[in-house]
Amino acid sequence: MTAPLSSVLDTRIPILSAPMAGAAGPDLVAAVCNAGGYGVLPLWHKPMDGFVADLAQAQAATQQNFAVNINVANPYKDQLQACIDHKVHAVSLFWGMDTDAIDMAKDGGLKVLYSVGTSQEAKAAEAAGADVIVAQGWEAGGHVWGRVSSLALIPAVVDAVNIPVVAAGGIADGRAMAAAMMLGASGVWVGTRFLASTEATIHETYRQRILDAREDQTEWYHELYDISWPDAPHRALKNSTSQGWHQAGAPKPGQRPNEGQVIGHRPNGDPVERYQSYTPFSGTTGDVDAMSLWSGQGVSQVRQVMSAAEIVDELYRDAQTALQNGRSIL
């Protein structure tokens, strides 16, 4: 028997906020946790002083459990040790299989959530000691490890392992959450919907693009926004950068139109180049619409700015209604 997700994560509502670097800070994570969900804090991209400061801020803002997101393709041992030292509840590991990271986390008393894109990866993570599998479908926004749609991936992973599976990719409302649960998932991992939360730290131009977008206005790219993070497939909203790239015949890096052009600046004044992997957050200046506007295919269900707590409540309530209606139809 698979242990309930609620008992593994010690949380009331099986909704996890996706670790969207540059968008999901301590305030968003704490708000999700305080609403009964489970926040996942993206810290792997931070220097150690920023890593520890954000971790402390989140712990001060909630007494509930949350996870810290760590990229195992980068040096991670100092970050993982900081999580152990600060008695974080769990780590969310992603971007490849690293059993040493699982061993270190488990030895330090942490729960481990592992993101996968196939059932084989799920089996390997379970065998290595992971407590929860995050099955990321191709519909997901931001950097996307998997190549299989959620509809096919979720049941395949559920059938492959005996630990809770959290569904990720394209889940932005209660109907999608209900569908994932019917496929066997124990919970859901929600990103794009939380971009329209009051706690998300993104630029208002980016937020408005999310609110206005249709389901066909995202695109999966292998290497478009590759500056600062090469060879990392991703999904983002179509914009002037992607349009110009397509019109030029989708050339490889080094041959793209306006490559090296500075299109804006970070709040600290550092330049943002066209084709850079960068989440435009509050205080960014320049042509924000031309930057990497990460978004999943569930974006058409995102039409209103709400607090993170209201989003958690609405998703959970609407999922329960959808499940009840589904049973009555059958």
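Observations
- When the chain is treated as a Gaussian network with alpha carbon springs shorter than 10 Å, the biggest mean-square fluctuation among Ser119, Ser295, Ser228 belongs to Ser228.
- Applying 1/(1 + (r/R0)^6) with R0 = 22 Å to the Cβ-Cβ distance of Gln57 and Glu310 gives a FRET efficiency near 0.50.
- Positive contributions from Lys and Arg (+1) and negative ones from Asp and Glu (-1), summed over other residues with Cβ under 14 Å from the Cβ of Val165, come out at -3.
- Counted charge near Ala309, where neighbours are those whose Cβ lies closer than 14 Å (Asp, Glu -1; Lys, Arg +1): -2
- Separation of alpha-carbon centers, the range 254-284 and the range 175-196, rounded to whole Å: 32 Å
- Environment charge at Thr205 (Cβ cut-off 14 Å; Lys +1, Arg +1, Asp -1, Glu -1): -2
- Long-range lysine pairs (8 or more apart or interchain), the chain, Cα under 24 Å: 13
- Helix content alone sets the calculated 222 nm mean residue ellipticity of the chain: runs of n ≥ 4 DSSP H residues at -39500 (n - 2.57) each, divided across all residues, give -10500 deg cm²/dmol.
- In order along the range 279-285, phi translates into HN-Hα couplings of 8, x, 10, 3, x, 5, 10 Hz, rounded to whole numbers, per the Karplus curve 6.51 cos²θ - 1.76 cosθ + 1.60 with θ = phi - 60° and x for Gly and Pro.
- GNM top mover of Pro253, Pro271, Pro47 - the chain, alpha-carbon springs below 10 Å: Pro47
- Build a GNM of the chain with springs between Cα atoms under 10 Å apart, and of Asn65, Asn74, Asn162 the one that fluctuates most is Asn74.
- Estimated FRET transfer efficiency when R0 is 45 angstrom, pair Ser6-Ser228 (beta carbons, to 0.05): 0.75
- With N the number of residues in the range 204-299, Rg(Cα) / (2.2 N^0.38 Å) evaluates to 1.01.
Rule-based calculations on the coordinates, nothing more; no lab input. Given the structure is predicted, the values throughout are model-derived calculations rather than measurements. Every residue, glycine among them, receives a Cβ derived from its backbone with ideal geometry; neighbour counts consider all protein chains shown.
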